[in-house]
1. On full extension of the chain, what length is gained from E428 through A25, given 0.36 nm per residue of separation minus the C-alpha to C-alpha distance?
2. Going through the range 361-461, which GluC sites (Glu not before Pro) have at most 15 other Cβ atoms within 10 Å and a DSSP loop state?
3. Taking amide hydrogens as modeled 1.01 Å from N in the peptide plane, which residues meet the under 5 Å criterion relative to R39, leaving out close sequence neighbours?
4. Percent relative contact order of the range 175-282, based on C-alpha pairs within less than 8 angstrom and at least six residues apart?
5. Taking the Cβ of W257 as the center, what net charge do the other residues with Cβ under 9 Å away carry, scoring Lys and Arg +1 and Asp and Glu -1?
6. Rounded if a/c is under 1.5, else prolate if a/b is larger than b/c, else oblate: which is the chain, with a ≥ b ≥ c the root eigenvalues of its Cα gyration tensor?
7. Pick out, in residue order, every one of the chymotrypsin sites (Phe, Trp or Tyr not before Pro) in the range 60-109 that is DSSP loop and has at most 15 other C-beta atoms within 10 Å; say none if there are none.
8. For the range 227-283, rounded, prolate or oblate, judged on the Cα gyration tensor with a ≥ b ≥ c (square roots of eigenvalues), a/c < 1.5 rounded, else prolate if a/b > b/c?
Amino acid sequence: MLDQVTAGAQQGGTEDLDLAATGVAGVTIVWADNNGIPRSRTVPAGQFGAAARLGVGVTPLFAVFDSHDTITFEHAPLGTPSGDIRLVPVVERLVRLAGQPGFAWVPGRQVAADGSPWPYDQRGALERQVARAGALGLEFLAGYEMEFHLSRADGDDGDELRPVYEGPSYGPAKMLAVDAFAEQLLRDLDRNGVPVGQFHGEYGPGQFEFNIAPSDPVTAADRQLLARQTVHAAARAHGLRASFAPLVTMGQVGNGWHLHTSLSRAGTNLLSGGDGPAGMTAEGGAYLAGLLRDLPAVVAVTAPSLSSLQRLRPGFWTGAFTCWGVENREAALRLVPATPLLGPAHANIELKPSDAAANPYLALTAVIAAGLAGIEDGLTPPDPVQEDPGTWSEARRAERGVHRLPTTVTEQLDALLGNQRIRAALGEELTGAFRAVRTSDARRAADLDAGAVVRSYRWLY
Ligand code: GLU
Ligand code: MG
């Protein structure tokens, strides 16, 4: 049944696809807003054919929802409650949810009421960058690592986090503590078409991680959203609750959603086989240098929330400084080089300041735009940093051109708004809406202490 639903959708056969006959009651159409929060509409199975053709109506104001569901009317083009757009399912991505078998899941595109492109559609922004890369003969692969905390969901202490396991990190006993959940999660990810490389108990109390195999960027973003739903459903089935928040508990490690990318030309990975640093080709090095040049603006998109700022601390492997290194886990950009064992296809660049508060489509838009600009400008990367720059003096960092990434919303927005390359990739409309929600979030948090900020982001994603 599951396969019939998925295979039928992949052939684009929505009219012939009798979803109800397969036991699907409804199809949930999902997109991610400018806070990285998934939003959705569910259509009864019998209505899905029409929804696939015409979309469903939603308010354009989702572009200016802040992290706590306040609609900020401070972006003038979306400054009134009037208007409607269409949310159109990407039918070939329809999946019957293994963990919620009465429902199918599909990512959505946001289009204007007349069906034309809508400038606030984040998925569309990524498609434009992928097309731009294609026109240059370049192909990208992307994959997310997803860290999360598992809390026991029974009990009456509401929003508190009660780690499902406190004991040695990475041990098999940590996996034993979530045995049935882990089994369901691995099976459901597989059945939902989310290929996973590995799954482990991470460093923090109750923290776990899996990584999604690389794919084209739009698929990588779609899968990241589907993986969240899959985790939440498996957690619920086993009396657990998953927190994807960048920082879950004060003083503990946070949840990074490290973003790995690589690029190739005519099937050859440009991050290996060259005579540049760590075997990069000139174009591969230019990609890295482009990312480094625009890093503060890129990170304003890939780790954008107040919770992101709380997570981004030196000494926690989050990449708080603007530098790159070969396998350096304190560098914002960690080059994972090719090795004789793993081969040239393995080489990739990991962006560590990246988390669940990022819209995954916009995150990849910013990354690809920065990297392509580096290639177009023929940049070369500086020497790699192999130490922890957090242990260096300010003077030594300055000498090496290494800076702390923004620590406040104002600094983040200055970096983003002052960067024409990233602004152009997002487009002025999305940039304006993005700025409005960041400002609204900051205003709400102005009177909160750090612990209250942590709590207010804990269960959003
Ligand atoms: N938990 C760390 C973070 O917030 C990452 C640890 C790791 O490198 O796996 O990014
Ligand atoms: Mg990790």
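Rule-based calculations on the coordinates, nothing more; no lab input. Small disclaimer: the values here were computed from a predicted structure and weren't measured. Here the Cβ is made from the backbone with ideal geometry for all residues, glycine too, and neighbour counts use every protein chain on show.
1. Values: separation 403, 0.36 × 403 = 145.08 nm, distance 3.93 nm.
Fully extending the segment from E428 to A25 adds 141.1 nm.
2. On the way: sites: E376, E387, E394, E399, E411, E428, E429; in loops: E387.
Those satisfying the criteria are E387.
3. Residues meeting the criterion, in which the H sits 1.01 Å from N, are W31, A32, D33.
4. Working: 99 pairs, mean separation 17.7, N = 108.
Answer for the range 175-282 is 16 percent.
5. Working: positive: none; negative: E145, E147, D355.
Result for the local shell: -3.
6. On the way: a/c = 1.33, a/b = 1.23, b/c = 1.08.
Rounded shape, in that the Cα axes give a/c under 1.5.
7. Filter output for the range 60-109: F73.
8. On the way: a/c = 5.76, a/b = 2.31, b/c = 2.49.
It is oblate, given that a/c is not under 1.5 and a/b is not larger than b/c.
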